[in-house]
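Worksheet for the structure shown next.
The values are calculated or read from the model by the stated rules, or taken from the named source; none is laboratory data. Only a predicted model underlies this, so the values are computations on that prediction, with no experimental measurement involved. All Cβ positions, glycine included, derive from the backbone under ideal geometry; neighbour counts span all protein chains shown. Areas reflect the complete protein model, heavy atoms only, side chains present, ligands, DNA and RNA absent. Shrake-Rupley method; radii C 1.70, N 1.55, O 1.52, S 1.80 Å.
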Amino acid sequence: MKKDLTRQQYLDLYFFMRLNRAVEDMMVKLFRQNKIVGGLYSSLGQEAVSVGTAYALEKKDWLAPMIRNIGALLVKGVPPRDVFMQHMAKYDSPTKGKDGTSHFGDLENLHIVSPISMLGDLIPVMTGVAMAGRYLGQKIVAMTWIGDGGSSTGVFHEGLNFAAVQKAPFVLVLENNQWAYSTPVKRQVPLENLADRAKAYGISSYTVDGNDVVAVYTTAKEAVERARKGEGPILIEVKTFRRLGHAQHDPAEYVPKEMRAYWEARDPIALYEKVLTGKKLLDAKSKKEIDDKIEKLLSAERDFAEASPMPPPEFATHGVYCTGDDCHKVAPKWERPIAEVTPPKSSVAAVWTVKGFGSGKASGGGSAPIHFGDTEKHSKDAASAEEASKSAAKPRSAKKITKHTTVAADKSPRKARR
Ligand SMILES: Cc1ncc(C[n+]2csc(CCOP(=O)(O)OP(=O)(O)O)c2C)c(N)n1
Ligand SMILES: [Mg+2]
């Protein structure tokens, strides 16, 4: 499967790695000018990971980036101005200044799910995306990234097991950059290769040199196509190194000098330039053209971002909570016949039923005791639920309902809601 790349593919990988680095370099300058709102993370030295993996996806596929995956956003088609404006909390940014870093998505066009700060939570979410795509017959693959530290969260294990048992078309890229904040990987995982975690879930895995963009791309491409064919989720461990601190505030003095020197000598862009030069795909002239192209592009994108206004103060209270259709429409996309995916064909008969429970209306006509404390007539609802519990003669369910009834009868709505 590992075919040679086309000339265009070789050059694309180079361009996006260079763009990734240049975008982040520019943001460091903006940060020092106090124009970035909030933290700034760096993927210096990890560009081959974001670019090589995202480049293996098709346009219809889905991804969800983490903090060091700006390169993946650029490959997927996000313009640098959106990355700048988002970090600067500008009004024209994807979230209109409501959030910072790379916390934005694009469900309609680019198929990007916004990052989730809680490490690991994107794994079950993207498993769900992968399953939804299969359900709709779209033949898509979903991809996300997780750090060495994030691979020790509970949700990593729950999510990957769920993906495995569902055979979801999902590729998880485990960025082993040797550090999670100031904790070295050896002090939090007793494994040489984090890819071995896949064995626990019966899924395939790869370990790849994360500073070799061609190796990352060809591995990711193979994994993506295997997942697309129905082989289930695949874990790719990329071994790399976080060259700067966790974020701008962290000088990372805890990193041994020899370790830093080893990885600095293996800079992914410098390594790749040697490959391209050897293949006669890059020389001083074409390199200069790429330098100029990136510089011209980014200064225009930065100017646009700087010219964008900050959100108006009165906007602070808008768009905080979803207000229904005037916020955004949530509508199913029926890509299979409706009859095939809706009851009665797809429904499962309930094992037991409780009168008035779950219907939204209790048997007496009042609200059903689902949202305890939310209903106006607590005591009436409690009485209705009591009635319902008596009529649902089964002992196991009756016990459950009696408990609920007690809560619903509580006079304090706040306490009852917990
Ligand atoms: C569940 C959870 N625990 C803790 C944090 C705080 N936190 C954010 S990033 C980070 C370190 C992550 O290290 P790693 O997963 O190796 O990713 P890296 O920063 O190296 O890319 C921590 C502990 C969090 N966001 N979520
Ligand atoms: Mg890490």
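Remarks
- Region 49-65, subset closer than 13 Å to VAL224 by Cα and under 15 Å from the mean Cα position of the chain (by Cα), residue most open to solvent (accessible area, probe 1.4 Å): TRP62
- Residues within region 79-95 that are assigned to a loop (DSSP other than H, G, I, E, B) and surrounded by 22 or more Cβ atoms within 10 Å (Cβ to Cβ), tallied: 3
- Conditions (1) of a type in the set (D, E, K, R); (2) within 30 Å of SER151 (Cα to Cα); (3) modelled with pLDDT under 95: number failed by LYS3: (2)
- Restricting attention to region 126-165 and to residues that are in contact with a Gly (Cβ under 8 Å, 6 or more places away or on another chain) and open to solvent by 40 Å² or more (accessible area, probe 1.4 Å), the residue that is farthest from ligand 2 (Cβ to nearest atom) turns out to be LYS139.
- Number of residues in region 226-273 that are polar (S, T, N, Q) and open to solvent by 50 Å² or more (accessible area, probe 1.4 Å): the value is 1.
- Hits in region 178-210 (condition: within 15 Å of ligand 2 (Cβ to nearest atom), of a type outside the set (Lys, Arg) and either open to solvent by 60 Å² or more (accessible area, probe 1.4 Å) or in a strand (DSSP E or B) (or both)): TRP179, ALA180, TYR181, SER182, THR183, PRO184, LEU191
- Checking TYR135, TYR41 one by one, the residue that is aromatic (Phe, Trp, Tyr) and away from ligand 1 (no atom under 16 Å from the Cβ) is TYR135 and no other.
- Matching residues, region 211-242, being closer than 29 Å to ARG134 by Cβ, within 16 Å of ligand 2 (Cβ to nearest atom) and not charged (D, E, K, R): LEU235, ILE236, VAL238
- Checklist (1) within 14 Å of ligand 1 (Cβ to nearest atom); (2) in a helix (DSSP H, G or I); (3) of a type in the set (D, E, K, R) applied to GLU175, failing item: (2)
- Residue within region 96-116 that is open to solvent by less than 20 Å² (accessible area, probe 1.4 Å), within 16 Å of ligand 2 (Cβ to nearest atom), closer than 30 Å to LYS296 by Cβ and assigned to a loop (DSSP other than H, G, I, E, B) present: yes
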